[in-house]
Amino acid sequence: LRRDDSNDEDDVALFDAEEDSATRKKRIKHPMASFFHLFFRVSAVLVYLLCGSFGGSFIACMVTIILLLSCDFWTVKNITGRLMVGLRWWNQVDDDGKSRWVFESRKASGSQSSASRSSNAESRIFWLGLIICPIVWVIFAFFALISFKIKWLAVVIMGVVLQGANLYGYVRCKVGARTNLKNMATNYLGRQFLKQVCDSEASS
């Protein structure tokens, strides 16, 4: 009877741990970062739509959109990517004067995985905002081109370039992280295979 009771307690503890893990994955751990990840880019889209629909001052609208796009570019590149998905990228000048791009992904150890690993909700918010908004600006560019709104085309192209640059950088980070994991797994399996071969030859 005592053994059964202890098993029941272990089952309950394990069930609670699984529930806590699922709750952590759904929880938004960085609400401010998640808010500003969407705020600047959505605001830029809304200002463009409102100015185009209601015919506001072109100079005022252009300056406002450029400021919002610049704030979005800096925020996503330097803050939200690092906090929400553990990715970052930047340009680095070497000692010999050559410029190169650096793409990094966060490595979560076993003790840090629960505290530092991004939640599924934050990851979904990050990637949806990162992908959808550049597509919207590409659509704006298409309509500005076919409607001969040349003055707006320059603003739209800036939106495509700035938000497309962040999208490209973070996709490179994501792909690079997966490539590194595959290389690590391949190297590990190769070492294990060589170790087994050497052990079998030594034993024979």
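Observations
- Among the residues making up region 67-92, those that are over 17 Å from the mean Cα position of the chain (by Cα) and either surrounded by 19 or more Cβ atoms within 10 Å (Cβ to Cβ) or at pLDDT below 95 (or both) are 68, 69, 91, 92.
- Within region 133-148, considering residues that are free of Cβ contacts under 8 Å to residues at least 24 places away in the same chain and within 16 Å of residue 51 (Cβ to Cβ), the one surrounded by the most Cβ atoms within 10 Å (Cβ to Cβ): 144
- Residue check, residue 25 surrounded by 12 or more Cβ atoms within 10 Å (Cβ to Cβ), farther than 24 Å from residue 172 by Cβ, modelled with pLDDT of 80 or more and charged (D, E, K, R): no
- Residue in region 32-46 that is within 22 Å of residue 81 (Cα to Cα), touching an Asp or Glu at 6+ places or on another chain (Cβ under 7 Å) and at pLDDT below 85 present: no
The values are calculated or read from the model by the stated rules, or taken from the named source; none is laboratory data. All of these numbers come straight from a predicted model, not from anything done at the bench. Using ideal geometry, Cβ is built from the backbone for each residue, glycine included, and neighbour counts are taken over all protein chains shown.
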